[in-house]
Amino acid sequence: VSGGTDETRRFSIKDFRLWCPESPVVYTQRVEIASGDAVVETFGFRKVEFRKDGFYLNGVRRQMHGVNYHQDREGKGWAITKDDIREDIAIIRDLGCDAIRTAHYPHSDFCYDRCDAEGLLAWVEAPNVNRIRFTEGYRRNARTLIREMIAQLKHHPSVFTWSTSNEINFRASEKEGGVTEPGRSAAYMADLKALANACDPTRPDSTATFREYQVEENRVPTLIGFNIYPGWYRNTPDSVPATLDKIFAANPLFATIAVSEYGAGASVFHHAELLSRGGSSEDKPGPANWHPEEYQAWVHYRNYRSLVADRRVWGTFVWLMFDFAADVVNEGWPFGQNDKGLMTYDHRTKKDAYWFYRANWRPDEPLLHLVGKRLKGLYGEKASVLGFSTVGDVTLKLNGKVVGTQAPDAVKAVCWRDVPLASGENVIELIAGDRSEKVVWKSY
């Protein structure tokens, strides 16, 4: 600005406290110039490290337990208010999350204000998604997005990484552009990495992908997350260990990774016996438009029990917290929504899988939950019963008679397979301490 000045002032804070999810301490600095114009910034103190054996916050190793979050809501789209954001972040924190991935673009500054205040470690992502263009104009735009993302959000203590991209399909991009030059895709990634590091040398760059075979590109970012969907798009819910082994075998330079997405679709209008697999729109393991809520709970249970036990995984991020608008989706119900959320698009109804994470991430809160309370009828002579408990051993009763008692496993779950049902109505009841959950399933 003509006639302006550039001035630097130093200040100190005595006996400051470190920011962390358990104690999200933030400070406020007001800078005012002679004209009366002022800028107010909040900030905090914390130390983020990624060592060979994982993630460290303020010198303590921890595995992040997070969710993905889109910035929209039913009836409003992106025109959500601060009150909407405040409510969403409070719900996410109340679930017990300590981390959030704001997919697939920087969210509002207020969103990260709430992450600062509520204690959510934030993975921020530039809108550099799927196919790209190897043109100078596209490159300039991608660089501008990263510069602005960092300039606008760098003071937030909650932000721990700048992601330069998500699920870029370099092979398709090169084919579309008629480019087959070896190394060009990696060079594109390296350029964005160098820019992010120059704009903020205090935070690592990152990317997310589901293409373990794009080895040359995968080795560029400092941190990497893999989007995996065992039991939904491919394989089975119990194939997480094999999936991770394949990733590490193809990408030996990484000692640890994040699982930046995992999960399954679920409509609160679709219900079936627990192991009745829903379908995706890709390889169609089941009817593409059939997304039973109970199967989503099973996928999360089986996925997470492997993820949380694997020390090679420094963070897990559920895909995702709330259902969101996706006009290309013609599966599940209603169409036009990605229904992999733990809660519905109106951000009001909690699906069965929500209570699984509540039990794991808030273990001190008394909880007993029976999966399938919205299920009314099923076909077959047997059914599986799944429940989550933080209040000790769980007893299953069928039509008033005890089937058995189980202690919750390492991820707070109890499960009875192939419980024989009578023709007609069956009363299923879980009992733990002074709590009980009951449902009537009609067997046809």
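Do any helices (runs of 4 or more DSSP H) entirely within the stretch 147-256 hold 2 or more residues that are touching a residue at least 40 places away in the same chain (Cβ under 8 Å), and if so, which? Can you show your working first?
Details: elements: 170-177, 184-199, 215-218, 240-250.
Where helices (runs of 4 or more DSSP H) fall fully within the stretch 147-256 and carry at least 2 residues being touching a residue at least 40 places away in the same chain (Cβ under 8 Å), they are 170-177, 184-199, 240-250.
Restricting to the stretch 306-336, what's the tally of residues that are closer than 21 Å to Ile100 by Cβ and touching a Ser or Thr at 6+ places or on another chain (Cβ under 9 Å)?
10
Using the structure shown, decide if Arg30 is surrounded by fewer than 16 Cβ atoms within 10 Å (Cβ to Cβ) and assigned to a strand (DSSP E or B).
Criteria met by Arg30.
Given the condition over 24 Å from the mean Cα position of the chain (by Cα) and within 20 Å of Trp290 (Cα to Cα), answer yes or no: does some residue in the stretch 429-437 qualify?
Scanning the stretch 429-437 turns up no residue that is over 24 Å from the mean Cα position of the chain (by Cα) and within 20 Å of Trp290 (Cα to Cα).
Given the criteria outside any strand (DSSP E or B), in contact with a Ser or Thr (Cβ under 7 Å, 6 or more places away or on another chain) and closer than 26 Å to Trp123 by Cα, does Ala359 qualify?
yes
Return the residues of the stretch 397-426 that are among the hydroxyl-bearing types (Ser, Thr, Tyr) and in a strand (DSSP E or B); say none if nothing qualifies. First the steps, then the outcome.
Within the stretch 397-426, the first condition is being among the hydroxyl-bearing types (Ser, Thr, Tyr), and the residues that meet it are 405, 423.
Within the stretch 397-426, Thr405 is the sole residue that qualifies.
Looking at the stretch 174-213, which of the residues that are modelled with pLDDT of 95 or more and among the β-branched types (Val, Ile, Thr) is surrounded by the most Cβ atoms within 10 Å (Cβ to Cβ)?
Thr207
Scan the stretch 364-372 and tell me whether some residue there is among the aliphatic types (A, V, I, L, M) and part of a loop (DSSP other than H, G, I, E, B).
Looking for residues that are among the aliphatic types (A, V, I, L, M) and part of a loop (DSSP other than H, G, I, E, B), one finds at least one in the stretch 364-372, hence yes.
Inspect all residues belonging to the stretch 166-173 and state whether any of them is among the small types (Gly, Ala, Ser), at pLDDT 95 or above and either open to solvent by less than 20 Å² (accessible area, probe 1.4 Å) or within 30 Å of Asp116 (Cα to Cα) (or both).
Residues of the stretch 166-173 that are among the small types (Gly, Ala, Ser), as a first pass: 172-173.
Narrowing further to those that are at pLDDT 95 or above: none.
Scanning the stretch 166-173, I find no residue that is among the small types (Gly, Ala, Ser), at pLDDT 95 or above and either open to solvent by less than 20 Å² (accessible area, probe 1.4 Å) or within 30 Å of Asp116 (Cα to Cα) (or both), so the answer is no.
If you take the residues in the stretch 33-66 that are in a loop (DSSP other than H, G, I, E, B) and among the acidic types (Asp, Glu), which one is nearest to Asp109 (Cα to Cα)?
Asp37
Are there any pairs, at least 6 apart or on different chains, whose C-beta atoms fall under 6 Å, with the first in the stretch 311-329 and on the phi < 0 side of the Ramachandran plot and of a type outside the set (Ser, Thr, Tyr) and the second in a strand (DSSP E or B) and open to solvent by 20 Å² or more (accessible area, probe 1.4 Å), and if so, which?
Partner pairs satisfying both residue conditions: Asp323/Gln337; Phe324/Asn338; Ala326/Asn338; Val329/Asn338.
If Trp123 satisfies all but one of (1) in a helix (DSSP H, G or I); (2) in contact with a strand residue (DSSP E or B) (Cβ under 7 Å, 6 or more places away or on another chain); (3) under 27 Å from Tyr188 (Cα atoms), what's the number of the condition it fails?
(1)
Given the structure, is Ile91 open to solvent by 20 Å² or more (accessible area, probe 1.4 Å), within 15 Å of the chain's Cα centre (by Cα) and not charged (D, E, K, R)? Quick ask: steps written out before the conclusion?
On the way: open to solvent by 20 Å² or more (accessible area, probe 1.4 Å): yes; within 15 Å of the chain's Cα centre (by Cα): yes; not charged (D, E, K, R): yes.
Taking the combined requirement at face value, the residue satisfies it.
Rundown of residues vs (1) buried (at least 20 other Cβ atoms within 10 Å of the Cβ); (2) under 20 Å from the mean Cα position of the chain (by Cα); (3) under 30 Å from Ala198 (Cβ atoms); (4) not charged (D, E, K, R), yes/no style:
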{"position": "Asn227", "(1), (2), (3), (4)": "yes, yes, yes, yes"}
{"position": "Pro230", "(1), (2), (3), (4)": "yes, yes, no, yes"}
{"position": "Tyr233", "(1), (2), (3), (4)": "no, yes, no, yes"}
{"position": "Asp238", "(1), (2), (3), (4)": "no, yes, no, no"}
{"position": "Thr256", "(1), (2), (3), (4)": "yes, yes, yes, yes"}
{"position": "Tyr262", "(1), (2), (3), (4)": "yes, yes, no, yes"}
{"position": "Ala266", "(1), (2), (3), (4)": "yes, yes, no, yes"}
{"position": "His270", "(1), (2), (3), (4)": "yes, no, no, yes"}
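I'd like to know if the stretch 386-398 contains one or more residues that are modelled with pLDDT of 95 or more, open to solvent by 10 Å² or more (accessible area, probe 1.4 Å), of a type in the set (Asp, Glu) and within 22 Å of Leu275 (Cβ to Cβ). Reasoning before the result, please.
Step one: filter the stretch 386-398 for residues modelled with pLDDT of 95 or more, giving 386-398.
Then keep just the ones that are open to solvent by 10 Å² or more (accessible area, probe 1.4 Å); that gives 390-393, 395, 397-398.
Okay, now just the ones that are also of a type in the set (Asp, Glu), so 393.
Filter again for within 22 Å of Leu275 (Cβ to Cβ), leaving none.
Checked the stretch 386-398: no residue is modelled with pLDDT of 95 or more, open to solvent by 10 Å² or more (accessible area, probe 1.4 Å), of a type in the set (Asp, Glu) and within 22 Å of Leu275 (Cβ to Cβ).
Take the residues in the stretch 128-146 that are surrounded by 15 or more Cβ atoms within 10 Å (Cβ to Cβ) and either among the aromatic types (Phe, Trp, Tyr) or free of Cβ contacts under 8 Å to residues at least 40 places away in the same chain (or both); name whichever of them is farthest from Val67 (Cα to Cα).
Within the stretch 128-146, the match that is farthest from Val67 (Cα to Cα) is Phe134.
Which residue pairs have Cβ atoms under 6 Å apart, sit 6 or more places apart or on different chains, and have a first residue in the stretch 416-429 that is open to solvent by 90 Å² or more (accessible area, probe 1.4 Å) and a second that is modelled with pLDDT of 95 or more and of a type in the set (A, V, I, L, M)?
Close Cβ pairs (under 6 Å, with a partner that is modelled with pLDDT of 95 or more and of a type in the set (A, V, I, L, M)) amount to Glu425/Val440.
The values are calculated or read from the model by the stated rules, or taken from the named source; none is laboratory data. Everything quoted here is computed from the prediction, not taken from an experiment. All Cβ positions, even for glycine, are placed from backbone atoms using ideal geometry, and neighbour counts span all protein chains on display. To get the accessible areas, we keep the full protein, side chains included, count just its heavy atoms, and leave off ligands, DNA and RNA. Shrake-Rupley method; radii C 1.70, N 1.55, O 1.52, S 1.80 Å.
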